[in-house]
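Please read the structure below before turning to the comments.
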Amino acid sequence: MNRTQNTLGLVLATASLVSLPVLARAADYHHVHVTSSNASEAVKWYARYLDCQPLADRDDGVDCAGAQVVFDSRPTLGTSQRTGIDHISFSYADLTTKMAELESVGVRGSGVRLQRFADGSTLRDVPGLFKYGFIFDPWGTRIEMVEDADTLGFHHIHLSATDPAATLTWYQEMFGGESARLRDRLDGLRLGDIWLLAMSAEGTPAATAGRAIDHIAFSVDNLDSAAARMRRDGVAFLEEPATPEGGRTSAKRAFIRGPDNVSLAVVEAGFAGVVTEMAAAVDITTDLQPYTVPRTPWGTPDFQGVWTGDAAHGIPLQRPDDLADVGVLTPEQAAARRERGTLGSIWGYESEWRDTTLGYVKSAPSRQVAMVIDPPDGRIPPMTARGQELRAAARAARRPLAEGPEDLSSWVRCITRSLVQTPGVYNNGFQIVQGPGHVAMQVEMLHETRVIPTDPRPHLGPDITSWRGDARGRWEGDTLVVDITNFNGRAPYQGSSDTLTMTERYTRTGPDTLEYRFTIDDPTVWTGPWTGMFTYVRGETQYELVEYACHEGNYGMTNILSGARAREAEAGR
Amino acid sequence: MNDRLRRVLVAVAALFAVVSLAVSPVAAQTAAVSRAFDGHPDLNGVWQAIGTAHWDIQDHPASAGPADTGAIGAIPPGQGVVVGNEIPYQPQALEQKQQNFENRWTDDPEIKCFMPGVPRATYLPYPFRIIQGDKKIMMVYGFAEANRTIHMDKENPEQAPIDTWMGRSHGQWDGDTLVVDVHGFNGQAWFDRAGNHASYALVVRERYTPMGPNAIMYEATMEDPNTFTAPWTIRLPLYRRLEENAQVLEFKCVEYSEDLLYGHLRREPTR
């Protein structure tokens, strides 16, 4: 086996659909492959906080002082800590300043989480070694920060091993490298400029597959001959050498099992070719085939089942200016947009909250450019003068600190989510149950259920208004058309008022797709009606709706109000 | 009316009561039951209980309601719906019931607009709709956005994925009776405004037996070894709402509970 030309790749899986950074030294072309939920966000994160440079030739990796880290967008099963690849490490000349800088970032959104030692500090200084501390990236990769002037930038990969000496010997036999002691204290292997360290695990380290650091990748010149040699040495193959179909790269590769269930990729040189195809999934934007809508035993179109809006998460309501002439996004653009949506709308949520992060989202992201399809330019018609007045008044009425529950949105109050179930980071489920003459529609979030009569009957009298209005359905061919009136105007959608009339149209466009169109017609607010659209996909095999007891568990309300009172007390008001 | 006539009428009424109790769980009037496309009874429609079980599922005399609500707030007397009237509480659980009763104007999940659980949802003083098709059956209640999906198409009993207010419901037909097994409760729901309660170990078997096109005899048997010494049963009829435009209206009660729950956290406290 050609040992000196190996490429080392470390795959880090972060907490959701994440690409891992690939670390590669320019000289020896070692790289690390990290799984994060969102390659483009991960690129930004590693550039912003660890001073890496986005790669010029691909959009899913960074170069960290000569070491390449490439991110792979896919689901992960959680942090790298306590797996066989516990962490990776970066070195700074002045670590005290660097850690203070990172601490000031905070953990909100795609922030930085610092791991504290038992005494509350974030830094340790071991005389004769160096200062060190630990942080986590937003996707669960544990990162050791060290102050080692000998090697700045990417520093080492830390293997957690049941037998560290045997582990290092195994890696050296397989991939080469030079035995060495870091600062004369820590046994390791020198792979180009990168240290591979192995230390005793506390207990049995967990398998790396699916975790934030999913695997390390080594490159070889000839995969077949390398694999033959490994087989002779009794190495277990997790995946036989092959060029993956629908994978992200065109490189021929194999996966083997290292000591302590560490996954290792062995990649034939020429790794860089990124394949743009997405894994096979329902592409709800373009894959429309002729379809005969199934019927219920009583003859109406059958929409029953659990659907989800996951594919539509991230579609903006209105067409962005820079996409004025775009028909549909590319799959890559769509994937990146959904991940941006995930990351942009999470407030301070940890990745454990996000359905994409947790791997629950199975559908390919919609390539639809914007929800608004009418007017055709994708923009909501101008507001009337009265509409602008109402919007200005609503804005003026907002208070920075909630004086009571009424100052918070109907969503925060667990009253109702929205008139349009715009998909979000989690709980986009939507269940339909039908009986003769009625369609029941339950949205997962807030467990709101509307029962829509489909037999002809007049609307309620005008004095019976309500948050979600009075719905009346009818079948037009294969489409369920729902007219909604009698809104109380207290849960406005995009500024709508109590004169709103809403029309919904539900159509099954394929075995796994349910198209949803909503027309907003409120002459008080807009100069014309407008229509939005997105598509639900069938989600029955993924999960069923579980009771979303929002109000019953609304500790957030108590915390928001008591927080507001505390701030007032601080300010002496 | 002379005494003799009165005695006769009372005797006749008593006879009817005995007879109706004896036959009610049985599908004595099968011929009159509405049928769905698949031959099962058709339970689609808006239904509602009549009575005072929502105040107290056991026999209770009239009593005063909350202060300053006059006769409107008074609690009417009522005949219980518990078969035999007694609930076989374990001693500690009976104490808990009494505590619940004393604190009912703040602790009752209903006053907080929390989901009522099963069987309480059935006899709240609000209508509910049954949607019965060929797959699931849904029951959508007129209070606190409560609803439940009755799985007619799953292994029974499939483990509840998580404890919930409304539990997990599995249904099957036993002749003309819809039998629903419910488990996976979170143990926080009450049975009524009198503080009757159970734990998360509660298992409920409901029986919906049509008594004709416009009435259902409803039975629910409760088992919970943490709370009761023996299973016990409630029985009451549900009536079809016959108004032509009968509809379960949206009643989002959250905002009416907010003062109770958060009034002390307002800038100008109301509690």
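Read the figures in this text as sums done on the coordinates, not as results from a lab. Fair warning: this is a prediction, and the values are worked out from it, not measured in the lab. When we count neighbours, we look across all protein chains shown, and the Cβ atoms used for this are built from the backbone with ideal geometry, even at glycine.
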For B:TRP190, A:TRP139, A:TRP467, ascending order of other Cβ atoms within 10 Å (fewest first) is A:TRP467, B:TRP190, A:TRP139
For A:LEU545, A:LEU480, what ranking results if the residue with the fewest other Cβ atoms within 10 Å of its Cβ goes first? A:LEU545, A:LEU480
Under Karplus coefficients 6.51, -1.76 and 1.60, residue-wise ³J(HN,Hα) of segment A:123-131 in Hz, glycine/proline x: 10, 10, 10, 9, x, x, 10, 5, 6
Phi angles of segment A:309-314, converted by Karplus (6.51 cos²θ - 1.76 cosθ + 1.60, θ = phi - 60°) into ³J(HN,Hα) in whole Hz with x for Gly and Pro, give x, 3, 5, 8, 4, x
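If I take R0 = 56 Å and measure r between the Cβ atoms of A:ASN559 and A:ASP163 in this structure, what FRET efficiency does the formula 1/(1 + (r/R0)^6) give, to the nearest 0.05?
FRET efficiency, A:ASN559 to A:ASP163: 0.70.
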Do you know the relative contact order of chain B, to the nearest whole percent, from alpha carbon pairs under 8 angstrom that are 6+ apart? 21
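Would you calculate the convex hull of the Cα atoms in chain B and tell me its volume per residue in Å³?
Once divided by residue count, the hull of chain B is 179 Å³.
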Per DSSP, the loop-located chymotrypsin sites (Phe, Trp or Tyr not before Pro) within segment A:404-434 having at most 16 other beta carbons within 10 Å are A:TRP411
Anyone know which of B:PRO61, B:PRO119, B:PRO109 comes out most mobile in the 10 Å Cα GNM of chain B? B:PRO61
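If neighbour count is taken as other Cβ atoms inside 10 Å, put A:PHE518, A:PHE237 in order from fewest to most.
The order, fewest Cβ neighbours first, is A:PHE237, A:PHE518.
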Want the number for A:SER104 to A:ARG295: 0.36 nm per residue separation, take away the alpha-carbon distance, what's left? 62.9 nm
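Where in segment A:134-229 are there GluC sites (Glu not before Pro) that are in a DSSP coil and have at most 16 other Cβ atoms within 10 angstrom of their Cβ?
A:GLU202
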Normalise the Cα radius of gyration of segment A:305-552 by 2.2 N^0.38 Å (N = residues in it) and let me know the number. 1.02
Within 10 Å, at most 16 other Cβ atoms, and a DSSP state outside H, G, I, E, B define an exposed site. Report the longest part of chain B free of exposed GluC sites (Glu not before Pro). B:1-85
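Which whole number gives the average, over all residues in B:158-165, of C-beta atoms from other chains lying within 10 Å of the residue C-beta? Numbers along the way, then the final one.
Numbers: counts 1, 0, 2, 4, 2, 1, 6, 5.
Mean inter-chain Cβ contacts per residue within 10 Å come to 3.
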Using r as the Cβ-Cβ distance of A:ARG457 and A:ASN261, and R0 as 51 Å, what FRET efficiency do you calculate, to the nearest 0.05? 0.20
What residues have an amide H closer than 5 Å to that of A:ARG319, excluding those fewer than 5 places away on the same chain, when H is modeled at 1.01 Å from N in the peptide plane? A:VAL372, A:ARG379
Within straight cross-link reach of B:LYS97, meaning Cα distance under 24 Å, which lysines are found once same-chain residues fewer than 8 apart are removed? B:LYS112
Which residue, B:GLN188, B:GLN159, B:GLN48, has the most motion in a Gaussian network model of chain B that connects Cα atoms within less than 10 Å? B:GLN159
19 Å Cα-Cα reach of A:LYS98 towards lysines, excluding residues that sit fewer than 8 places from it in its own chain: A:LYS44, A:LYS131
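Report the semi-axes of the equivalent ellipsoid for segment B:120-248 in whole Å, largest first, where each axis is √(5λ) for an eigenvalue λ of the Cα gyration tensor. Intermediate results must be reported in sequence, preceding the final value.
On the way: eigenvalues 105, 62, 45 Å².
One finds semi-axes of 23, 18, 15 Å for segment B:120-248.
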Run the reach check for A:LYS252 against lysines, Cα to Cα strictly under 28 Å, same-chain hits fewer than 8 apart removed. What comes back? A:LYS362
From the phi of every residue in segment A:192-204, what ³J(HN,Hα) in whole Hz does the Karplus formula 6.51 cos²θ - 1.76 cosθ + 1.60 yield, where θ is phi - 60° and glycine or proline is x? x, 8, 9, 8, 10, 9, 10, 9, 5, 7, 7, x, 8
Any residue on another chain or 5+ positions along whose placed amide H is under 5 Å from the amide H of B:GLY65 is listed here as B:ALA74, B:ILE75
